[in-house]
1. If I go through the stretch 247-268 residue by residue, how many of them are in a strand (DSSP E or B) and crowded, with 16+ Cβ neighbours inside 10 Å?
2. Criterion first (of a type in the set (Ser, Thr, Tyr), more than 30 Å from THR162 (Cα to Cα) and crowded, with 20+ Cβ neighbours inside 10 Å) does THR239 satisfy it?
3. Filter the stretch 87-126 down to residues that are modelled with pLDDT of 85 or more and either of a type in the set (Gly, Ala, Ser) or touching a Gly at 6+ places or on another chain (Cβ under 6 Å) (or both), then give me how many there are.
4. Taking SER290, is it within 30 Å of ASP331 (Cβ to Cβ) and surrounded by fewer than 17 Cβ atoms within 10 Å (Cβ to Cβ)?
5. Quickly run through the stretch 48-78 and pick out the residues that are loosely packed, with under 13 Cβ neighbours inside 10 Å and modelled with pLDDT of 70 or more.
6. Somewhere in the stretch 236-243, is a residue part of a loop (DSSP other than H, G, I, E, B) and farther than 17 Å from GLY69 by Cα?
7. Consider only pairs whose beta carbons are under 6 Å apart and that are at least six residues apart or on different chains; among these, list those whose first residue lies in the stretch 221-235 and is free of Cβ contacts under 8 Å to residues at least 24 places away in the same chain and whose second residue is buried (at least 17 other Cβ atoms within 10 Å of the Cβ).
8. With the requirement that a residue be among the charged types (D, E, K, R) and under 30 Å from PHE297 (Cβ atoms), what does the stretch 318-369 give you?
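The values are calculated or read from the model by the stated rules, or taken from the named source; none is laboratory data. These numbers were taken from a predicted model, which means no experiment stands behind them. With ideal geometry, Cβ positions are generated from the backbone for all residues, glycine too; neighbour counts draw on all protein chains shown.
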Amino acid sequence: MRDRVLRSSGALAVVVAVALWVPAFVAAPTSLGSFVGVAQASGGGAQVPSAAAAKTAAKTWTPPRTPDGQPDLQGYWTSLSFTPLERPAKFGTREFLTDAEAEEFYKAGVQRSYEFTFANSAETPVYDATVYALDAWQNGVRMNKRTSLVVDPPDGRIPSRTPEALKRAAVARGRATVNAAEDGQRVAGFEGPEDLSIGVRCLTFGGPPIPAGAGYNNNTQIVQGPGYVMIEYEWGSETRIIPLDGRPHLPPNIRPWHGDPRGHWEGSTLVVETTNFRPGNTYQNANPASLRMTERFTRIDAETIEYKYTIDDPTTWTKPWSAIIPLSRVDGPMFEYACHEGNNGAINILEGARAQDKAAADAQKKGSK
């Protein structure tokens, strides 16, 4: 699958490596004054703009509109980031990094990108932080001044799980332990493709929400038309069609892979409420029967969408929680993620299980003689 990253970038492997690890540009809740990061060739590396300059840019920028009058969110965006989902303990309740800390984190992300891609390569190039930082900026990847993606609760931590959720997790772990023990050395039955995960089977790679982190294929395309918004994930080439006409949610017995979304506009913010999640494909193993997710898309400048999602599942977490993921503009197109065509993983797992079956049967025959 990794080769798809290189094809979709349309750039050198060096640039792709940086995009895998370096964070995106994130807004503070009220102004661009909390933004950080413009990589400039002069001086080398990333430079931090002043708060005053950022606020001025925010006041003078006017969001574009589609032909039918909607705020225009269209284009290609990336959610690549090395900002942790939950706030590290060392930051306590501090929401934002200092300028010096942000630049240090940015450089560390670039370095990790380099090490991750070239650690086992026979053609390791010379590492130059200035060149890598500039390449990262040119590909839409920017620094993030937040200490965590979780913004609510204020401590930047996901709330505790409920007793019911802990019980569900214990049952699932027990089931996995039983399956692992049934065949001695065999980890699981793998009698057929149904025993494999939905990702290995190329059915879906999850979502919503839009993923963030240092993974790969974290690009997204948004397309708008009268009455609808389409969101396509690069990972898996999976598409969500969101109606905006106020129709009710589907009946409870109909549960699509990505849930049942319904959208509306609140000023310049697209609000998407999703229910009817499918069992086995819920975010962080939430309860599909009670999970409700609310996403908010607000374009805050020509290069950035502030994407905020709120998780409300009273049977899984003790209270709702929210995270903000920056979506930074990148060049398209996105190429097809042809998972099924190259899915040797599923073939190899099942072939390995059959080989184990044969070896066990042969050993039993030999022992019975």
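1. 4
2. Judged against the criteria, THR239 is not a match.
3. 5
4. Answer is no for this residue.
5. THR60, THR62, PRO64, ARG65, PRO67, ASP68, GLY69
6. Within the stretch 236-243, one or more residues are part of a loop (DSSP other than H, G, I, E, B) and farther than 17 Å from GLY69 by Cα.
7. GLY227/LEU244; ILE231/ILE222; ILE231/ARG240
8. LYS319, ARG329, ASP331, GLU336
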